[in-house]
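Working notes, beginning with the structure itself.
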Amino acid sequence: MNTFHLPDLGEGLTEAEIVRWLVKVGDVVAVDTPIAEVETAKSIVELPCPYAGVIEELHGEPGTTVPVGKPLITVGDPDGAAYRAEERAGSGNVLVGYGTSESSGAGRRRRPRVSGTNVAPTAEKVPETRVPLVISPLVRRLARDAEVDLRTLTGSGPDGLIVRRDVELAIAHRLQTESAPAATTPARTMPAGTTPVASTPAAAQPVAPGSFVAQAPSSHPAVAQAGLPQPSVVQSGDARTGLPELRRTPMSGFRKAVIATLSRSRAEIPEATTWVDVDATALVELRESLRSATDPGPGLLALMARFVVAGLLKYPELNGYVDTEREELVQYDGVNLGLAAQTDRGLMVPAVAGAHALTTRGLDAEIRRLTASARDGRLTQQELTCGTFTLNNYGSFGVDGSAAIINHPQVAILGVGRIIDRPWVVDGELAIRKLTQLSLVFDHRVCDGGTAAAFLRFVADSFENPASAFADL
């Protein structure tokens, strides 16, 4: 037996959450076979198996958080496959409790122990003496936790093998029996000091002031694991508000990392915000002019990114970090442009490495690749941590402005609001133009307001006169 413990995934991470298993108990794996996808505070990682053999046990269900160094899977001898084949055939060469086929002609058979004189077995006695045919340790654990007697089940698997579904059906059948109306179900003895819940609808049940009816966790973990109905119980409400709690959600490693970063940013950075309304009509027109029947051209975000990168090269104070240990302000020679992306896992900020060296088309291609990787959970730790400045296009959510939180250890973040038609004065005449709002949040330690305003004005002017700005790039 070899047990694969969760390895150190780098970046100081101490735990990971199992997203899904790529193998199951009984599978034969080779070295480097992918076995699971785990989610760290940085990204989703596919783990390869360092051993060859048969998967004997999976140490956790999807959604379980596993600390680094704790068991993840147990892999048995590669000959285990032949062992299982013998077990199904009823060879007798099995561990006590795994059972053999009644039709087996070879191998040892255990004689049933009876007291007194020998009595011919009856049909009613067979289930009490036969050994159930179960292979999976998970099925055994499920049955044990739910107090299901495996000897009473008839397996639906090959050669009568008892599989997980057989146990789940037994649990469901028992729950249906227990939840039948009191008129047809004998009363059950309740533990001393408890109050039975009536079988009438929850709305008709008397509830004490300050209490509420809620779904309680099942007394058997296997019941919840099978996704079966759970009984309602009366619980106390929140002491401060008097309201019931709708739900409690454990924080994932990713959410913990987000909280730590944002909390540190708020605690350490003396931030300031400046904003400006921008006429983006010419920028939108430039975007449309780059389209063709065969080439969609760079997207609007890529054009914005091009001007932001140019602004950072002109005002490098906003493209660095504060080295508090050495009490120095550091500026980078180059730009890794971070792009805020909303995903099912939450907000991520992958970065276009070397954005200063890319053309606008190159920026567009990399932005699209990173966005797709973010949504699929395939970003690398390097892509998520190498940014030097963040561009946040929150206008895609239909809002105009935001006082964003700087992505520590960066020192600034630029937000772009939605682009909408608004009245605007052009050459003394009122016109309908496409307006947006730019908001810059910056670390006041790295520069004063004049530098921040100059950067913001440079980007705004580029949005309003993109052709002229491109001529200078």
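The values are calculated or read from the model by the stated rules, or taken from the named source; none is laboratory data. Since the structure is predicted, the reported quantities are computational estimates derived from the model, not experimental observations. Here the Cβ positions follow ideal geometry from the backbone for every residue, glycine too, while neighbour counts run over all protein chains shown. Only protein heavy atoms, including side chains, enter the accessible area calculation; ligands, DNA and RNA are left aside. Shrake-Rupley method; radii C 1.70, N 1.55, O 1.52, S 1.80 Å.
Scan the stretch 330-352 for residues that are of a type in the set (A, V, I, L, M, F, W, C), out of contact with any strand residue (DSSP E or B) (no Cβ under 6 Å at 6 or more places or on another chain) and farther than 21 Å from residue 259 by Cβ and jot them down.
Listed by number, the list holds a single entry, 335.
Of all residues in the stretch 146-175, which are open to solvent by 40 Å² or more (accessible area, probe 1.4 Å) and free of Cβ contacts under 8 Å to residues at least 40 places away in the same chain?
149, 151, 152, 154, 156, 163, 164, 165, 169, 173, 174
Give me the strands (runs of 3 or more DSSP E) completely within the stretch 7-125, filtered to those with at least 2 residues that are modelled with pLDDT of 85 or more and under 30 Å from residue 374 (Cβ atoms), ordered by residue number.
Counting at least 2 such residues, we get 15-21, 34-39, 44-48, 65-67, 71-76.
Need the failing condition index for residue 290 against (1) touching a Pro at 6+ places or on another chain (Cβ under 9 Å); (2) surrounded by 19 or more Cβ atoms within 10 Å (Cβ to Cβ), just the number.
Against the list (1) touching a Pro at 6+ places or on another chain (Cβ under 9 Å); (2) surrounded by 19 or more Cβ atoms within 10 Å (Cβ to Cβ), residue 290 comes up short only on (2).
All but one of (1) loosely packed, with under 12 Cβ neighbours inside 10 Å; (2) on the phi < 0 side of the Ramachandran plot hold for residue 458; state the number of the condition that does not hold.
(1)
What pairs can you find where one residue is in the stretch 392-404 and modelled with pLDDT of 90 or more, the other is in a helix (DSSP H, G or I), and their Cβ atoms are less than 8 Å apart, with a gap of 6+ or different chains?
The qualifying pairs are 393/301; 393/304; 404/394.
Considering (1) surrounded by fewer than 21 Cβ atoms within 10 Å (Cβ to Cβ); (2) over 23 Å from residue 461 (Cα atoms); (3) at pLDDT 95 or above, say which one residue 334 fails and leave the rest.
Checking residue 334 against (1) surrounded by fewer than 21 Cβ atoms within 10 Å (Cβ to Cβ); (2) over 23 Å from residue 461 (Cα atoms); (3) at pLDDT 95 or above, the one that fails is (2).
Pick from the stretch 434-471 the residues that are of a type in the set (Ser, Thr, Tyr) and not in a helix (DSSP H, G or I): which of them is nearest to the chain's Cα centre (by Cα)?
Only one residue tops the list, namely 439.
Condition first: under 34 Å from the mean Cα position of the chain (by Cα) and among the hydroxyl-bearing types (Ser, Thr, Tyr). Now tell me which residues in the stretch 255-309 satisfy that.
Of everything in the stretch 255-309, those that are under 34 Å from the mean Cα position of the chain (by Cα) and among the hydroxyl-bearing types (Ser, Thr, Tyr) turn out to be 261, 263, 265, 273.
For the stretch 263-287, name all the residues that are surrounded by fewer than 12 Cβ atoms within 10 Å (Cβ to Cβ) and either among the aromatic types (Phe, Trp, Tyr) or free of Cβ contacts under 8 Å to residues at least 60 places away in the same chain (or both).
Listed by number, the list holds a single entry, 267.
Please verify whether residue 387 is more than 12 Å from residue 318 (Cα to Cα) and either β-branched (Val, Ile, Thr) or free of Cβ contacts under 8 Å to residues at least 24 places away in the same chain (or both), treating the condition exactly as stated.
Judged against the criteria, residue 387 is not a match.
Can you name the residue in the stretch 296-325 that is in a loop (DSSP other than H, G, I, E, B) and at pLDDT 95 or above and, of all such residues, is farthest from residue 391 (Cα to Cα)?
Here the answer is 315.
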